[in-house]
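The values are calculated or read from the model by the stated rules, or taken from the named source; none is laboratory data. All values derive from a computational prediction rather than experimental measurement. Every residue, glycine among them, receives a Cβ derived from its backbone with ideal geometry; neighbour counts consider all protein chains shown.
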């Protein structure tokens, strides 16, 4: 089954919302400690980031161009980092992406989902 842009945007929305739910109530220190204190949540966040990047890579250029405030390329590249640098993530550098950029990404995705026709 072919996944259309609405499907990809929904994938991004779910994964980004999941991440925000996973970190709800955490401060940066608790987030950085996740690999030692809560490996399940850490691995879930990594998986969700990979899903976001993979879905972004499949979005049409016109969707990306419509939201220049989003670092689409950065999110897509983050997928590669998460997938290939298994033990080398710089969590203090990732924290602002999660706390500052994911809410903006969710808002852009919601706007695009609302704009798209129901059939894709």
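General remarks:
- Condition met for residue 48 (within 11 Å of the chain's Cα centre (by Cα), more than 20 Å from residue 96 (Cα to Cα), surrounded by 17 or more Cβ atoms within 10 Å (Cβ to Cβ) and at pLDDT 95 or above): no
- When residue 54 is tested against (1) farther than 20 Å from residue 108 by Cβ; (2) in a helix (DSSP H, G or I), just one condition goes unmet, and that condition is (1).
- Restricting segment 61-101 to residues that are in contact with a helix residue (DSSP H, G or I) (Cβ under 6 Å, 6 or more places away or on another chain), free of Cβ contacts under 8 Å to residues at least 40 places away in the same chain and outside any loop (DSSP other than H, G, I, E, B) leaves a set whose member that is surrounded by the fewest Cβ atoms within 10 Å (Cβ to Cβ) is 83.
- The residues of segment 104-117 that are touching a residue at least 60 places away in the same chain (Cβ under 8 Å) and either over 23 Å from residue 43 (Cα atoms) or surrounded by fewer than 12 Cβ atoms within 10 Å (Cβ to Cβ) (or both), listed by number, are 109, 110, 112, 113, 116.
Every residue, every condition in (1) more than 14 Å from residue 97 (Cα to Cα); (2) in contact (Cβ under 8 Å) with a residue 60 or more places away in the chain; (3) buried (at least 19 other Cβ atoms within 10 Å of the Cβ), yes or no:
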{"residue": "4", "(1), (2), (3)": "yes, yes, no"}
{"residue": "8", "(1), (2), (3)": "yes, no, yes"}
{"residue": "14", "(1), (2), (3)": "yes, no, no"}
{"residue": "20", "(1), (2), (3)": "no, yes, no"}
{"residue": "27", "(1), (2), (3)": "no, no, no"}
{"residue": "30", "(1), (2), (3)": "yes, no, no"}
{"residue": "35", "(1), (2), (3)": "yes, no, no"}
{"residue": "40", "(1), (2), (3)": "yes, no, no"}
